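The values are calculated or read from the model by the stated rules, or taken from the named source; none is laboratory data. Fair warning: this is a prediction, and the values are worked out from it, not measured in the lab. Here the Cβ positions follow ideal geometry from the backbone for every residue, glycine too, while neighbour counts run over all protein chains shown. Each accessible area value is taken on the protein alone, full model and side chains, heavy atoms only, with ligands, DNA and RNA left out. Shrake-Rupley method; radii C 1.70, N 1.55, O 1.52, S 1.80 Å.
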Amino acid sequence: MDIYLTNTLTRKKEKFESINDKKVNLFVCGPTVYDHSHLGHAKTYTQFDVLVRFLRYLGFDVFYLQNITDIDDKILTRAKESNTDWKDLTQEFEKLYIEDMQSLNNTSVTEYARATDYIDQIVKQVKTLIEKGYAYTIDDGVYFEISKFPDYGKLSGRTELAQGDSVSRIDENTQKRGWNDFCLWKFSKADEPSWNADFGEGRPGWHIEDTAITENFFGPQYDIHGGAVDLIIPHHEAEIAQMEAASGKKPLVKYWLHTAFLMVDGRKMSKSLGNFFTINDVVQKGFDPLALRYLFLGANYRDTLNFTWDSLQAAQNGLERLRAQVGSLKKETSRTTLSEEKENKIEMFRSSFLEALSDDLNTSKSLAVVWEALKSNIPSGDKYDLIMSFDEILGLNLSKTQEVQETKIPEKIQVLIQKREGLRKEGKYDEADKIRDEIQKLGYEVKDKQLE
């Protein structure tokens, strides 16, 4: 089956062809562990988890690597503010991050790599860039000179920063040769952790850890790099500059994939706006973390997703309905001898499901196929097996669905249903249809009976 993915580097939807037959090396930028993971993290990591599950389902041997940034200005600032040792801080939030990912069933990562475990590789790469003339030293560290790398900007199509870029880690120093030159190695300061290096004791800049880690595992070139869209510039541009300059080989990555923003109530998530939510906030409000996963499956990874508590409630309602239906199938342990017609129908659903995912990971369409299959006349036992095979990719843990429980319809939904029924009896069908649409947006399906 051919797979097509939208490559940020070429700005085209391209047929996926791995570098080494069925072996796929994939890297996604991991978290900086100084705080709880927010809903934007949840969206990105869930959508890449689905991609990896899909590739593995198709027989690819995927090594999914994710870094853990455990040394950074933000970490040191938070540790100082909280009067906590920076190592204790990062260990605590790394543990919480892994727990959050497990709660979302994001379990496909092959290896998590901490930046501080790869200092030797980082130092070696900085040294190479100095020796090749791409890096220079000023009073506070070693910097990459972007003017020496003509391809800078080829991923984003620009060299200037813009609103929406991740600019909180831009390195400011009047001694820099270029305004957008970035720090590879920060010289040591009092009361900050540091490591020895020939070019001066210090610690890594933000960008260098990713290429040092990926080079260690994959070499100078690999198949897929993923991350959120705000990392394209300067972070991913910096990665390209570092590794291609150091190795002399290009491209660093064959396919660049980027997830779109998650908005909250139509606005960018921000603590100052009071709409900044973590995965833990979702749990504390009584939601199943897998309701978040279901919500993310309903949107393409490249589309901006607007999160509201109502949309999450609708997702949880949809997930509960799905569990209930799968639970009823689970009771049917017998398998029948299928007619040719029903065998063809099963294969039709399987083909439609996989074709949706092969078209730039269209999870919303694949989820619709699941519901269509559930409504079909395929025998229950065989239908259950089909849905379980789909869930190997979707990751909703439907195999753990227990016995069917009667779903309690919320009072808000019951009021809307009664109001709609009254309108139908009065012949006000247009108004009744609007209420039906409202009910469906909240995750419930309305099936009409013939009015008497």
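Quick one: Asn106 ticks every box in (1) closer than 23 Å to Trp179 by Cα; (2) crowded, with 18+ Cβ neighbours inside 10 Å except a single one, so which number is it?
(1)
Yes or no: region 25-42 includes at least one residue that is among the β-branched types (Val, Ile, Thr) and more than 19 Å from Phe261 (Cα to Cα). Working first, answer last.
Filtering region 25-42 down to residues among the β-branched types (Val, Ile, Thr) leaves 28, 32-33.
Keeping just the survivors that are more than 19 Å from Phe261 (Cα to Cα) gives 33.
Yes - at least one qualifying residue is present in region 25-42.
May I ask you to verify whether Leu96 is among the aliphatic types (A, V, I, L, M), over 19 Å from the mean Cα position of the chain (by Cα) and surrounded by fewer than 22 Cβ atoms within 10 Å (Cβ to Cβ)? Outline the logic, then answer.
Details: among the aliphatic types (A, V, I, L, M): yes; over 19 Å from the mean Cα position of the chain (by Cα): no; surrounded by fewer than 22 Cβ atoms within 10 Å (Cβ to Cβ): yes.
The answer is no for Leu96.
From the residues in region 170-187 that are under 26 Å from Arg11 (Cβ atoms) and buried (at least 16 other Cβ atoms within 10 Å of the Cβ), which one is modelled with the highest pLDDT?
Here the answer is Phe182.
All but one of (1) assigned to a helix (DSSP H, G or I); (2) polar (S, T, N, Q); (3) farther than 20 Å from Ser270 by Cβ hold for Asn300; state the number of the condition that does not hold.
(1)
Do we find that Tyr143 is surrounded by 22 or more Cβ atoms within 10 Å (Cβ to Cβ) and free of Cβ contacts under 8 Å to residues at least 60 places away in the same chain in this structure?
Working: surrounded by 22 or more Cβ atoms within 10 Å (Cβ to Cβ): yes; free of Cβ contacts under 8 Å to residues at least 60 places away in the same chain: yes.
Yes; evaluated as a whole, the condition is true for this residue.
If a residue must be of a type in the set (Asp, Glu) and farther than 20 Å from Leu305 by Cβ, how many such residues does region 21-51 contain? Don't jump to the end; show me each part of the working.
From region 21-51, those of a type in the set (Asp, Glu) are 21, 35, 49; that's our starting set.
Now drop any that are not farther than 20 Å from Leu305 by Cβ, which leaves 21, 35.
Qualifying residue count for the region: 2.
Return the pairs, sorted by first residue and then second, in which the second residue is part of a helix (DSSP H, G or I) and basic (Lys, Arg), the first residue lies in region 281-293 and is within 18 Å of Leu305 (Cβ to Cβ), the beta carbons are less than 9 Å apart, and the residues are 6+ apart or on different chains.
Pairs that qualify, where the first residue is within 18 Å of Leu305 (Cβ to Cβ) and the partner is part of a helix (DSSP H, G or I) and basic (Lys, Arg), are Leu292/Lys43.
Can you name every residue in region 280-297 that is crowded, with 16+ Cβ neighbours inside 10 Å and over 30 Å from Phe218 (Cα atoms)?
Matches in region 280-297: Asn280, Val282, Phe287, Asp288, Pro289, Leu290, Ala291, Leu292, Tyr294, Leu295.
Quick grid of which residues meet (1) over 20 Å from Phe27 (Cβ atoms); (2) of a type outside the set (Ser, Thr, Tyr); (3) open to solvent by 40 Å² or more (accessible area, probe 1.4 Å):
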{"residue": "Lys87", "(1), (2), (3)": "yes, yes, yes"}
{"residue": "Gln91", "(1), (2), (3)": "yes, yes, yes"}
{"residue": "Gln102", "(1), (2), (3)": "yes, yes, yes"}
{"residue": "Thr110", "(1), (2), (3)": "no, no, yes"}
{"residue": "Thr116", "(1), (2), (3)": "no, no, no"}
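Could you check how many residues of region 18-38 are surrounded by fewer than 18 Cβ atoms within 10 Å (Cβ to Cβ), touching a residue at least 40 places away in the same chain (Cβ under 8 Å), part of a loop (DSSP other than H, G, I, E, B) and not aliphatic (A, V, I, L, M)? Please lay out each step first, then the result.
Filtering region 18-38 down to residues surrounded by fewer than 18 Cβ atoms within 10 Å (Cβ to Cβ) leaves 19-23, 35-36.
Then keep just the ones that are touching a residue at least 40 places away in the same chain (Cβ under 8 Å); that gives 19, 23, 35-36.
Now narrow it down to the ones that are part of a loop (DSSP other than H, G, I, E, B): 19, 35-36.
Now restrict to residues that are not aliphatic (A, V, I, L, M): 35-36.
The number of residues fulfilling the criteria is 2.
Please list, ordered by first then second residue, the pairs with beta carbon atoms under 8 Å, 6 or more apart or interchain, first in region 305-324 and aromatic (Phe, Trp, Tyr), second outside any helix (DSSP H, G or I) and open to solvent by 60 Å² or more (accessible area, probe 1.4 Å).
Listed pairs, sorted by first residue: Phe307/Asp265; Trp309/Lys285.
Take the residues in region 104-133 that are touching a strand residue (DSSP E or B) at 6+ places or on another chain (Cβ under 6 Å) and in a loop (DSSP other than H, G, I, E, B); name whichever of them is farthest from Val50 (Cα to Cα).
First, the residues of region 104-133 that are touching a strand residue (DSSP E or B) at 6+ places or on another chain (Cβ under 6 Å): 108-115, 119, 122, 126, 129.
Now narrow it down to the ones that are in a loop (DSSP other than H, G, I, E, B): 108-110.
Working: Ser108: 8, Val109: 11, Thr110: 14 Å.
If we take residues in region 104-133 being touching a strand residue (DSSP E or B) at 6+ places or on another chain (Cβ under 6 Å) and in a loop (DSSP other than H, G, I, E, B), then Thr110 is farthest from Val50 (Cα to Cα).
For region 300-326, name all the residues that are surrounded by fewer than 21 Cβ atoms within 10 Å (Cβ to Cβ) and within 14 Å of the chain's Cα centre (by Cα).
Asn300, Arg302, Asp303, Thr304
If I filter region 346-357 for residues that are open to solvent by 20 Å² or more (accessible area, probe 1.4 Å) and at pLDDT below 95, do I get at least one hit?
No, region 346-357 contains no residue that is open to solvent by 20 Å² or more (accessible area, probe 1.4 Å) and at pLDDT below 95.
Spot the failing condition for Tyr64; the list is (1) over 22 Å from the mean Cα position of the chain (by Cα); (2) farther than 11 Å from Tyr34 by Cα, and only one is missed.
(1)
Is it fair to say Glu392 is among the acidic types (Asp, Glu), exposed (fewer than 14 other Cβ atoms within 10 Å of the Cβ) and modelled with pLDDT under 95?
Numbers: among the acidic types (Asp, Glu): yes; exposed (fewer than 14 other Cβ atoms within 10 Å of the Cβ): yes; modelled with pLDDT under 95: no.
Answer is no for this residue.
Any residue in region 46-54 that is open to solvent by less than 40 Å² (accessible area, probe 1.4 Å), outside any helix (DSSP H, G or I), of a type outside the set (Phe, Trp, Tyr) and closer than 23 Å to Thr259 by Cα?
No: zero hits.
Confirm whether Lys400 is at pLDDT 70 or above, open to solvent by 60 Å² or more (accessible area, probe 1.4 Å) and closer than 30 Å to Leu361 by Cα.
Numbers: at pLDDT 70 or above: yes; open to solvent by 60 Å² or more (accessible area, probe 1.4 Å): yes; closer than 30 Å to Leu361 by Cα: yes.
Yes: the conditions hold for Lys400.
So how many residues does region 365-375 have that are over 18 Å from Tyr301 (Cα atoms) and either charged (D, E, K, R) or open to solvent by 20 Å² or more (accessible area, probe 1.4 Å) (or both)?
Here the count works out to 3.
Would you check which residues across region 230-279 are within 29 Å of Lys22 (Cβ to Cβ), part of a helix (DSSP H, G or I) and open to solvent by 10 Å² or more (accessible area, probe 1.4 Å) and list them?
Listed by number, the residues that qualify are Leu231, Ile232, Glu244, Ala246, Ser247.
So Asp70 fits all but one of (1) farther than 30 Å from Tyr143 by Cβ; (2) open to solvent by less than 70 Å² (accessible area, probe 1.4 Å); (3) in contact with a Lys or Arg (Cβ under 6 Å, 6 or more places away or on another chain); what number is the exception?
(1)
Scan Leu451, Leu423 and give me the residue that is hydrophobic (A, V, I, L, M, F, W, C), farther than 22 Å from Leu104 by Cα and at pLDDT 75 or above.
On the way: Leu451 fails: at pLDDT 75 or above.
Answer to the check: Leu423.
Which members of region 118-140 meet the condition of being touching a Lys or Arg at 6+ places or on another chain (Cβ under 6 Å) and open to solvent by less than 30 Å² (accessible area, probe 1.4 Å)?
Taking region 118-140 as the starting set, the residues that turn out to be touching a Lys or Arg at 6+ places or on another chain (Cβ under 6 Å) are 134.
Answer for region 118-140, where residues must be touching a Lys or Arg at 6+ places or on another chain (Cβ under 6 Å) and open to solvent by less than 30 Å² (accessible area, probe 1.4 Å): there is none.
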